[in-house]
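> Have a look at this one before I ask anything.
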Amino acid sequence: MMKIDLFGKTACVTGAARGIGRDIAMTLSENGAKVIGIDLDKEGLEELKTVTKEETFILDVSDFNAVNGFKDEFLAKYEKCDILVNNAGITRDNLLMRMTENEWDKVLSVNLKSAFNMVSAFSRTLIKQKSGTIVNIASVIGIMGNAGQANYAASKGGLIAFTKSVAKEFASRGVTANAIAPGFIETKMTQALPENVREEYMKFIPLKKFGTPKDVAGIVLFLSSDLAKYVTGQVINCDGGMIM
Ligand SMILES: NC(=O)c1ccc[n+]([C@@H]2O[C@H](COP(=O)([O-])OP(=O)(O)OC[C@H]3O[C@@H](n4cnc5c(N)ncnc54)[C@H](O)[C@@H]3O)[C@@H](O)[C@H]2O)c1
């Protein structure tokens with residue numbers, strides 16, 4: 001029977017200061033990985049550091065040059081990156097008729113361009129290592145679309161297509177890339193939704209409960225482990241059966 005042991009692995013998790021990213025960072029750390037958390041939220045990172053006992057970085061993942069500067073600093077210290085989790089994400093919901101150019105650009109840039117920034121920055125290292133795994137946190141909205149979230153849906157749908165392309169490009173070098181599509185997960189992002197919207201979502205969830213960050217973190221753990229070494233280019237839904 002295989003056991004999950006990430007000892008000796010170095011992981012980089014974006015959006016690690018709270019919510020899903022925080023649980024991903026903690027779960028990888030609890031299972032032996034050296035986890036480096038990235039976020040804009042200094043306080044959240046400080047708190048994470050007390051648990052993971054590793055360095056954290058304040059970084060805007062949508063900034064191409066900043067990400068490349070971070071990558072140089074990261075590799076100078078840690079030399080390799082075995083697990084790269086692109087989790088940072090935002091919403092700026094609005095009906096298309098009212099959606100501003102800024103709302104569109106911001107969401108595409110934080111949710112999608114960030115993954116390009118991170119993966120391209122680490123691509124040489126991953127290819128040279130001939131091993132590694134990339135996990136991108138997408139959303140069921142990227143598969144099904146949603147009124148009022150055209151920017152978010154486009155970013156997450158794009159992230160899924162990006163993941164599959166990376167999987168094809170890096171497969172011959174032993175690097176896997178997969179996406180997770182969470183449904184409704186209880187975090188600050190969803191707490192902001194009004195009660196009637198939450199009730200509406202619940203109607204479409206066969207398991208009749210919302211997910212937790214731990215539910216997503218468990219799938220990241222699996223994808224980061226040897227148990228998933230023959231899995232690449234996939235989208236794993238974590239949504240209580242909302243879409244099937
Ligand atoms: N909560 C859900 O129901 C749900 C569902 C589907 C997908 N997701 C996705 O999961 C991911 C995490 O969501 P969450 O609910 O934990 O959100 P959250 O808002 O609680 O946390 C997101 C984290 O990302 C950080 N972040 C935002 N912009 C950043 C930037 N430019 N650079 C670095 N860090 C940045 C934030 O500071 C925050 O700590 C997101 O990509 C989100 O789209 C969430």
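Read the figures in this text as sums done on the coordinates, not as results from a lab. This structure is a prediction, so every number in the text was calculated from the model and none was measured. Neighbour counts are summed over all protein chains in view; Cβ atoms, including those assigned to glycine, are modelled from backbone coordinates with ideal geometry.
> Can you find even one residue in segment 25-37 that is surrounded by fewer than 24 Cβ atoms within 10 Å (Cβ to Cβ), within 10 Å of the ligand (Cβ to nearest atom) and either of a type in the set (S, T, N, Q) or closer than 26 Å to K113 by Cα (or both)?
no
> Now for a different question. Condition first: among the β-branched types (V, I, T), within 30 Å of R173 (Cβ to Cβ) and not in a helix (DSSP H, G or I). Can you find one or more residues in segment 100-108 that meet it?
Quick first cut of segment 100-108, residues among the β-branched types (V, I, T) only: 100, 107.
Those left that are additionally within 30 Å of R173 (Cβ to Cβ): none.
Within segment 100-108 (the criterion being among the β-branched types (V, I, T), within 30 Å of R173 (Cβ to Cβ) and not in a helix (DSSP H, G or I)), the answer is no, since none of the residues qualifies.
> Continuing with this model, one more query. (1) within 16 Å of the ligand (Cβ to nearest atom); (2) surrounded by fewer than 21 Cβ atoms within 10 Å (Cβ to Cβ); (3) within 25 Å of L221 (Cβ to Cβ): which one isn't true of T56, the others all being true?
Result: T56 passes all but (2).
> How many residues, within segment 84-113, are more than 16 Å from the ligand (Cβ to nearest atom) and among the β-branched types (V, I, T)?
Of the residues in segment 84-113, 1 are more than 16 Å from the ligand (Cβ to nearest atom) and among the β-branched types (V, I, T).
> Right, something else. Residue check, T232 against (1) within 28 Å of C81 (Cα to Cα); (2) assigned to a helix (DSSP H, G or I), all met but one. Which one?
(2)
> In segment 9-31, what count of residues is obtained for those that are within 22 Å of T212 (Cβ to Cβ) and either assigned to a loop (DSSP other than H, G, I, E, B) or of a type in the set (G, A, S) (or both)? Give the derivation first.
From segment 9-31, those within 22 Å of T212 (Cβ to Cβ) are 11, 13-31; that's our starting set.
When the remaining residues are screened for being either assigned to a loop (DSSP other than H, G, I, E, B) or of a type in the set (G, A, S) (or both), the result is 11, 15-19, 21, 25, 29, 31.
Number of matching residues: 10.
> Restricting attention to segment 205-244, and to residues there that are small (G, A, S) and free of Cβ contacts under 8 Å to residues at least 40 places away in the same chain, which single residue is nearest to L6 (Cα to Cα)?
This residue is G211.
> Moving to a separate point now. What about I4, is it over 16 Å from the mean Cα position of the chain (by Cα) and over 19 Å from M118 (Cβ atoms)?
yes
Here's the yes/no breakdown for (1) touching a helix residue (DSSP H, G or I) at 6+ places or on another chain (Cβ under 7 Å); (2) within 21 Å of L159 (Cβ to Cβ):
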site: K49; (1), (2): no, no
site: E54; (1), (2): no, no
site: I58; (1), (2): yes, no
site: F64; (1), (2): yes, yes
site: N68; (1), (2): yes, yes
site: K71; (1), (2): yes, yes
site: L75; (1), (2): yes, no
site: C81; (1), (2): yes, yes
